[in-house]
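The values are calculated or read from the model by the stated rules, or taken from the named source; none is laboratory data. Just so it is clear, the model here is predicted, and its values are computed rather than measured. FYI the Cβ positions are ideal-geometry reconstructions off the backbone, even for glycines, and counts take in every protein chain you see. For the accessible areas, the whole protein counts, side chains as well, though only heavy atoms, and no ligand, DNA or RNA atoms are used. Shrake-Rupley method; radii C 1.70, N 1.55, O 1.52, S 1.80 Å.
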2 protein chains.
Amino acid sequence: MKTWQELPVGTVQLQDPFFAPRVRTNHERTIPSNLEKCHETGRFDAFRLDWKEGMPNKPHFFWDSDVAKVLEGMAYDLQLNPDPERAAELDRYVDLICSAQQPDGYLNVYFTQIEPENRWKCLRNNHELYCAGHLMEAAVAHYRATGKRTFLDCLCRYADYLTTVFGPGADQCHGYPGHPEIELALCKLADASGNEAYRDLARYFVDQRGQEPLYFIEEARRNKRPEDEVDMSLFQADRPVRDQPGASGHAVRALYLYSGMADVATACDDRELLATCERMWDDIVRHKMYVTGGIGSTSWGERFTYDYDLPNATAYAESCAGISLVLFCHRMLNITGDVRYAETMERGLYNGAISGLSLEGTSFFYANPQVFAENQKSGDGQTVRVRQPWFGCSCCPTNYCRFIPQIGSFAYSSEANTLRVNIPAAAEVHAALGKGPFAVRLEGAYPYDGALAFTVLETPATPCRLAIRIPAWCPHYEASEPGTLEKGYLVFERCWKPGDVIRLTLDMPVQGLHAHPMLEENAGRMVLRRGPLLYCLEGVDNGPMLSSLVIPEHQDFRTEPVAGLPGVMGLTGKAWRESRVDPDALYAPDTPVREETVFHAVPYALWQNRGTSSMLLWVRCA
Amino acid sequence: MKTWQELPVGTVQLQDPFFAPRVRTNHERTIPSNLEKCHETGRFDAFRLDWKEGMPNKPHFFWDSDVAKVLEGMAYDLQLNPDPERAAELDRYVDLICSAQQPDGYLNVYFTQIEPENRWKCLRNNHELYCAGHLMEAAVAHYRATGKRTFLDCLCRYADYLTTVFGPGADQCHGYPGHPEIELALCKLADASGNEAYRDLARYFVDQRGQEPLYFIEEARRNKRPEDEVDMSLFQADRPVRDQPGASGHAVRALYLYSGMADVATACDDRELLATCERMWDDIVRHKMYVTGGIGSTSWGERFTYDYDLPNATAYAESCAGISLVLFCHRMLNITGDVRYAETMERGLYNGAISGLSLEGTSFFYANPQVFAENQKSGDGQTVRVRQPWFGCSCCPTNYCRFIPQIGSFAYSSEANTLRVNIPAAAEVHAALGKGPFAVRLEGAYPYDGALAFTVLETPATPCRLAIRIPAWCPHYEASEPGTLEKGYLVFERCWKPGDVIRLTLDMPVQGLHAHPMLEENAGRMVLRRGPLLYCLEGVDNGPMLSSLVIPEHQDFRTEPVAGLPGVMGLTGKAWRESRVDPDALYAPDTPVREETVFHAVPYALWQNRGTSSMLLWVRCA
């Protein structure tokens, strides 16, 4: 039932001012720095299986996943930035990983050498199936990038073993992962290997989840861990997924699960399961998502809470959660062809999913606040508001390694003889359409400018369609020739010739986004939006105490280059600065006075790239 | 060096509309309900010292303090609401407690019967000295109320034993309490018993605190608890108290410590220590206090954090912390005669220190938020936003039992031949001035009305002074005869005759309080204040989504009776209600439209006394 196809990594070479430099930086700095950290912390050495008590760098049970995500990123990156040395390095890592596989197919550094007696003993907490999933994704990426089967075959052997351990049989384990991920990975492995048994296991994990008697409760009793008999909704395991009314629990787990559900639903033509995915998405975007596309508002359990609970200062909005929402939207867009998913995917891509990665590519937010004051402190490493080179739990840095090279594939899709431009980021795109290869070059400075020029480079002789999404934020556009508006995409259909050009200009007025009145902190405030980008104020441009600025919503905003961020366009305009008669009093009955000034705003995604200063996304409006 | 004297409990009979009903309710409901809970949970039975493993209600190491605070409250209450049955009941509890005293003087239910081997082994965590302090305060109160020495002598024996255990001697323990309280209690015990050795021990605890080598570090090493070797500032024990730059750590501990420091400083004429107290107070009111007088902004450690970190929704502002700030201000006011302390004491008394107690007197907030949304949930019992009849750690309910009957003593002070009216709450006051008894009746409806009438009931023949504080919030007043303004108090001095009347009217305009611009959430918002009361909006009067209301700051506000709260005066006036074109969208570029409406505000202290609905203190202003 899948409507569209994603374009494989390597068929879209981004050339835009926003993401193309990130793809380059990922190759040059983010992947190398993550590799270095994996070496430094012993994550690679762990695969030698020779760690002994007393040695440094005791393996941790989620380490395999970190290594796997970096390797998955290396594989994608090789398709965009060919590099023989890097390719050889990747192959060496693959060999190292494969060497740790056990005779029965099992592959996990921690439960092979540290707690072998506890293999599969605590699915709720131990991340074994989660690690397996990431290794599968890495193996599929390696196979797609290199054509080599080493890694793929290794993970197929692991998956073969898993199909014997888990399943409905009387002698099988009826459990499922505490941290979903393997569901979507098994679907990828089934696609790459052609072995449908893997997808069957994914479906088993999806449908078994939350069935009575609850596996995690029984497991907790076996393990004599009464403290584990609680909080089933944190794991999306309190009831069968089809009966879950909305998004709940740990946000990354939720979105990886929903992604796996979407994959299973598609392959199995399971409309009910797809409707469940739609219900989750709908709940998120209506009630549980930051304006940036960030999700999971609290550090307590890194989880969804309740409707409209989206505090700004304590926003958790984990980088991985922002990424996972984009991954889910991308799947849902291609499955359903519904442009709403493209809107949310774009919101995340240009804002909350990318904000966690510094421009120089080697420091990261784990959590993404919506406001930051220079005087702010945090005692908790993962919610620290200053970008860090690494974390004890370093899921976010490693996730960027694999996320960035996929962005081109999110931006474009194919459908029979249609090339879909979901996000008009400048690129050279080579799509295999039904009737043959169709290649276009999109030129433009999106997201900073709405002027787009599509030049056909290669085309079948028969008619093809070029379908360009008209973003919901765009109030007006002009095209060089008439197109047909179909469900949010402007479609140009004809027999193309190389050199044909379509020009399209999307108007990008500055708009003030207002929040639902249940988001009480945001009342009287707005987020400045231009195109897909949300803008924030930074102390480095505007001084501290950014809520002293009041910005008239209806005025002649202007774009301007951002000092210190080459190539980045910011916004400027009129503002009032409020001050008080008694500047020191904590509380006083003196009505603030206003004087006219100018504000300077930068894309939220790029905040804290010029040192650490205050930041404010929800600005006061008048 | 003490400037003023507090009036003993029992010499001030409140007759005002705000606190007098609370004093009555404390007698009729709060004390009985706390006694019942203490019985129900085994807190009294624990003093029989016959608990065995397997029995219900295993004693906890802070239970003694809960019982002590209720008994302290009963003793005060007997002086305001004489009740022979209650007095006999109190004596029975006193006998029960005294029966648990060990031959060496030690008195602690937990460490006598549950972990006798751990007596004094973990001063950092185990609350033994804290419990001892509360028992001392209860014993002194019982002695003052009844003249009976049973309880006092019992605690003197305990204190005698403590003076052998703790002190600078080579064979003594050089520790100090993890939770301060005993410092101020030992000073009270010294005053009541005349034994200065107790004050010396208080001084030792104060000065030994934070001296190198740090006792809590050494203790943690002895106990092999490396997890206890951190967070010394949580306990105000990272350095000597005189070297501490500002208020830090657990808020209740801090303010109990500062109160003990103030007591020690006064008795020992220790100007440096008093200056330390002043520095702490200054830091709190300039940087770390909610507008309500609430302190300790985070549930993590119930502690002070950093300057201007005063979030509204997650405000912890524990009820006990609000109470402790009032207790500290009261001490500092009487010690220094500086009216600033009366301002802050009044702020707490009428707002954040009393908000934790329901009007019917049997349900309590542990934490006091500054905003609440009906849809809000909390997974954590002590930060739950709905008043509860009791808590596992029930320090706040028991604290109200003893706090409420003392309020009259906070409101009035004496100084040689001056009666000081710190807070003009209607009352009959019998003060023992230097030249003889001086009694006045203050009539009026303060805090709802500023018209005050003082009638002299009894007076010495020689000149006396009546000194009435003119609150800082009062822009204008009128008196029936001229007085002299001296450091914030309007002083009338003469030879009085019984029946003499002084009339004073304090203007009570409605003012909008604005916050320091570092409190970014509050920008564009104000707190409505009239007299000492801060007002909030409640959903029951205004509907949900209270931040949709915008209130013009300069308008003709009116007082009005509050529906459902007999005797309470609220505020009303003009407002605009904002609404959006698309009411469901989480974020949309539609500028809200405004329509004129009316708002109704109630005293913050009285919120959530008409069911659970939304509450907003920082209202949007225009």
Completion exercise
Under the helix-only model (-39500 (n - 2.57) for each DSSP H run of 4 or more, divided by the residues of chain B), the mean residue ellipticity at 222 nm, to 500 deg cm²/dmol, is -10000 deg cm²/dmol
Practice task
Please report the Cα spread of the stretch A:505-552 along all three principal axes, rounded to whole Å, starting with the longest.
Solution key: 38, 31, 17
Practice task
Pop out the Kirkwood hydrodynamic radius of the stretch B:326-463 from its pairwise C-alpha distances, inverse of mean 1/r, in Å to one decimal.
Solution key: 17.3
Handout entry: Point-to-point label distance, B:Asn223-A:Asp200, nm (Cα→Cβ direction, 7 Å offset)
Key = 5.8
Exercise for the section: Kindly provide log₁₀ I(q)/I(0) values, in the same order as q = 0.11, 0.13, 0.17 Å⁻¹, from the Debye equation applied to equal alpha-carbon scatterers of the stretch B:431-517. Expected result: -0.36, -0.48, -0.74
Exercise for the section: Calculate the translational D of the stretch B:541-622 in whole µm² s⁻¹ from Stokes-Einstein, where the hydrodynamic radius comes from the Kirkwood formula applied to all Cα pairs, the temperature is 37 °C and the viscosity 0.692 mPa s. Expected result: 234
Exercise for the section: Among the listed pairs A:Lys435/A:Lys497; B:Lys2/B:Lys121; B:Lys69/B:Lys148; A:Lys224/B:Lys121, give every one whose C-alpha distance is greater than 26 Å. Expected result: B:Lys2/B:Lys121; A:Lys224/B:Lys121
Handout entry: Nearest-first distances (nm) between copies at A:Asn195, label 7 Å from Cα via Cβ
Key = 8.1
Completion exercise
Per the charge dipole of the stretch B:532-595 (beta-carbon charges, Lys/Arg positive, Asp/Glu negative, Cα centre), the residue among B:Ser547, B:Pro583, B:Leu534 reaching farthest to the positive end is B:Leu534
Problem - the stretch A:69-225: Rg to Rh, with Rh as the Kirkwood radius over Cα pairs - result: 1.00
Practice task
Report the relative contact order of chain B, percent, no decimals, based on alpha-carbon pairs under 8 angstrom and at least 6 residues apart.
Solution key: 13
Practice task
Write down the Å³ per residue value for the convex hull defined by the alpha carbon atoms of the stretch B:257-305.
Solution key: 76
Practice task
Can you pull the one-decimal nm distance between simple spin-label points at B:Arg594 and A:Lys497, each 7 Å off the Cα toward Cβ?
Solution key: 6.1
Completion exercise
In terms of the charge dipole of the stretch B:383-526, which places +1 on Lys and Arg and -1 on Asp and Glu at the beta carbon, the residue among B:Val429, B:Tyr448, B:Cys393 farthest towards the positive end is B:Cys393
Completion exercise
FRET efficiency for A:Asp95 and A:Ala461 from the Cβ-Cβ distance with R0 = 35 Å, rounded to 0.05, comes out at 0.15
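With charges only on Cβ, +1 for K and R and -1 for D and E, what is the dipole size of the stretch A:520-622 about its Cα centre, in debye, rounded to 20?
360
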Fill in the blank from the handout: So the compactness index of the stretch A:233-345, its C-alpha Rg divided by 2.2 N^0.38 Å, takes the value 0.98
Problem - Under 14 Å from the Cα of A:Lys37 - aspartates and glutamates, other chains or at least 8 residues apart - result: A:Asp45, A:Asp64, A:Asp66
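What Kirkwood hydrodynamic radius do you get for the stretch A:451-589 when you take the inverse of the mean 1/r over all pairs of distinct Cα atoms, in Å?
Over the stretch A:451-589, the inverse of the mean reciprocal pair distance is 19.0 Å.
Per the Kirkwood treatment, what hydrodynamic radius in Å, one decimal, follows for the stretch B:16-64 from the mean inverse distance over all distinct Cα pairs?
Computed over Cα pairs of the stretch B:16-64, the Kirkwood hydrodynamic radius comes out at 12.6 Å.
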Handout entry: Teacher prompt: A:Pro561 distances to equivalent labels in other copies, 7 Å Cα→Cβ, nm
Key = 7.1
Problem - Taking the C-alpha atoms of the protein assembly as shown, convex hull volume expressed per residue in Å³ - result: 178
Handout entry: Percent of alpha-carbon pairs separated by more than 19 Å within the stretch B:110-198
Key = 39
Practice task
Please list the radius of gyration and Dmax for the stretch B:385-424, considering alpha-carbon atoms only, with Å as the unit.
Solution key: 15.7, 47
Handout entry: Accessible surface of the stretch B:1-98, 1.4 Å probe, proportion on carbon and sulfur as whole %
Key = 51
Completion exercise
Charge dipole of chain A built from unit charges on the beta carbon (Lys, Arg +1; Asp, Glu -1), centred at mean Cα; most positive-end Cα among A:Gly408, A:Tyr290, A:Leu201 is A:Gly408
Practice task
At q = 0.19, 0.22 Å⁻¹, what is the base-10 log of I(q)/I(0) for the stretch A:50-160 according to the Debye formula with one equal point scatterer per Cα and no solvent? Please give it to two decimals.
Solution key: -0.96, -1.19
Practice task
Work out the length of the dipole vector of chain B about its Cα centre, built from +1 on the beta-carbon of each Lys and Arg and -1 on the beta-carbon of each Asp and Glu, and round it to the nearest 20 debye.
Solution key: 540
Handout entry: Computed over the stretch B:292-392: relative contact order in percent, which uses C-alpha pairs under 8 Å that are six or more apart
Key = 28
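Starting from the eigenvalues of the Cα gyration tensor, five times each then square-rooted, give me the equivalent ellipsoid semi-axes of the stretch A:205-272, largest first, whole Å.
Working: eigenvalues 116, 32, 18 Å².
The answer is 24, 13, 10 Å, longest axis first.
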Problem - Relative contact order computed over the stretch B:42-136 (Cα-Cα under 8 Å; 6+ residues apart), in percent - result: 42
Handout entry: Calculated over the stretch A:397-476: convex hull of Cα atoms, volume per residue (Å³)
Key = 116
Practice task
Might you report the magnitude of the Cβ-based charge dipole of the protein assembly as shown about its Cα centre, with Lys and Arg at +1 and Asp and Glu at -1, to the nearest 20 debye?
Solution key: 580
Practice task
Please turn the phi angles of the stretch A:79-95 into ³J(HN,Hα) values with the Karplus equation 6.51 cos²θ - 1.76 cosθ + 1.60 (θ = phi - 60°), one per residue in order, whole Hz, x for glycine and proline.
Solution key: 6, 9, 10, x, 6, x, 5, 5, 5, 5, 4, 4, 4, 5, 5, 4, 4
Practice task
Compute the whole-percent fraction of alpha carbon pairs in chain B spaced more than 44 Å apart.
Solution key: 19
Exercise for the section: Distances from A:Arg221 to the same position in the other copies: list them in nm, one decimal, shortest first, using label points 7 Å from Cα along Cα→Cβ. Expected result: 4.8
